[in-house]
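Okay, so here's the structure we're looking at.
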There are 2 protein chains.
Amino acid sequence: MNQALKILDIFIKIQEYSDVFQHKRDGLLDEISLTEVHCIDYIGMTDHPNVTKISEQMGLTRAGISKISKRLISKGLIESYQDPDNKKEIYFRLTEGGQSVYDEHKKIHNKVRQEWLAFFEHYSDNEKATILRFFTEINDLFDGKSADKIEKEK
Amino acid sequence: MNQALKILDIFIKIQEYSDVFQHKRDGLLDEISLTEVHCIDYIGMTDHPNVTKISEQMGLTRAGISKISKRLISKGLIESYQDPDNKKEIYFRLTEGGQSVYDEHKKIHNKVRQEWLAFFEHYSDNEKATILRFFTEINDLFDGKSADKIEKEK
DNA sequence: ATATTTTTGTTGACGCGTTAACAAAAACGT
DNA sequence: ACGTTTTTGTTAACGCGTCAACAAAAATAT
């Protein structure tokens, strides 16, 4: 994976999960919240997503996903199904409407990605290496801190 | 202002307003939410802060600040006062308890700042210049986008 | 001076996600 | 096979902040 992409990944994370992005996001997808789009995104790219899997992946509680999935169903964007051999777990899949939200989101995502790659090409290889190192070390720093924190809480 | 500090400022903003910081923050100040601490912070460093000023500064609604200030009063961290010549505006100041929260937050803030400056010293002057340029340009990019967005909404 | 407009703060209804408690199903131990 | 434990999803109560509607005070216009 090249440097630009690595830095990009870090930035996308910051961007997607930061307030900045939450408030200045593309007005295209009103009626659907950012969380709902993320949820659709995950359902769209996962094999047999159930409440638990989605909640773990998205960093929300099962209760939260349970409610979000109900909203998405009532909006006609996803539907649920079950394995005949398993009456406990409930899986989700996208409806047509959900699929088009998924596609549109991917499109926006890719557009931002392309813009970013273009932007990043203004830097020399050396500069890119520096920036990458910077982000990698910052990332490690954060991880280290959170580890400390977890340790302290035990 | 030197490069390290400029980059630091940008990072502090990302850090303070990102989910990452919200969830991995120091467990020292439980019973008080991050928003409340920010509010205390602003009240602590402003002359005659009223609901409107605080809301504009913090990017929240007046309704929100109205409720937060009531919470902070009920927790004994701030108190309100009025100008005898103005029966409309309501100002706030920190109580002793509020002041110690303020001080503690500043202490943590400075500690993080110091750690960050130390971390940043691992980079050469050239590298620092590159990183700064990167952040500056990213910042401009974001600003530009938000301007587009505002325009589109009109 | 008085009428109109603007500013300021509050309240109620709402949306969103969390925690806690729970029932049903599955997994496990023996 | 049966009792216990774990997993899974749902629900109610709650916290937080938004929006909309509002009353009171201040600013402005005439």
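The values are calculated or read from the model by the stated rules, or taken from the named source; none is laboratory data. Quantities reported herein were computed from a predicted structural model and do not represent experimental measurements. Using ideal geometry, Cβ is built from the backbone for each residue, glycine included, and neighbour counts are taken over all protein chains shown.
If B:T136 passes every condition in (1) more than 30 Å from A:F135 (Cα to Cα); (2) of a type in the set (V, I, T); (3) surrounded by fewer than 15 Cβ atoms within 10 Å (Cβ to Cβ); (4) touching a residue at least 40 places away in the same chain (Cβ under 8 Å) but one, which one does it miss?
(1)
Is it fair to say A:L132 is within 14 Å of another protein chain (Cβ to nearest Cβ) and either on the phi > 0 side of the Ramachandran plot or assigned to a loop (DSSP other than H, G, I, E, B) (or both)?
no
Per-residue answers, yes or no, for (1) closer than 30 Å to B:F134 by Cα; (2) away from chain B (no Cβ under 14 Å); (3) among the charged types (D, E, K, R); (4) within 10 Å of DNA strand D (Cβ to nearest atom):
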residue	(1), (2), (3), (4)
A:M45	no, yes, no, no
A:E56	no, yes, yes, yes
A:S74	no, yes, no, no
A:Y81	no, yes, no, no
A:G98	no, yes, no, no
A:A118	yes, no, no, no
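Please work out which residue is farthest from the chain's Cα centre (by Cα), limiting yourself to the stretch A:105-135 and to residues that are β-branched (V, I, T) and under 15 Å from B:I138 (Cα atoms).
My answer is A:I131.
Among the listed residues A:V101, A:V112, identify the single one that is part of a helix (DSSP H, G or I), at pLDDT 90 or above and crowded, with 16+ Cβ neighbours inside 10 Å.
Within the list A:V101, A:V112, the selection yields A:V101.
Just name the residue that is nearest to DNA strand C (Cβ to nearest atom) out of those in the stretch A:64-86 that are more than 11 Å from A:T35 (Cβ to Cβ) and assigned to a helix (DSSP H, G or I).
So, considering only residues that are more than 11 Å from A:T35 (Cβ to Cβ) and assigned to a helix (DSSP H, G or I), the one nearest to DNA strand C (Cβ to nearest atom) is A:S66.
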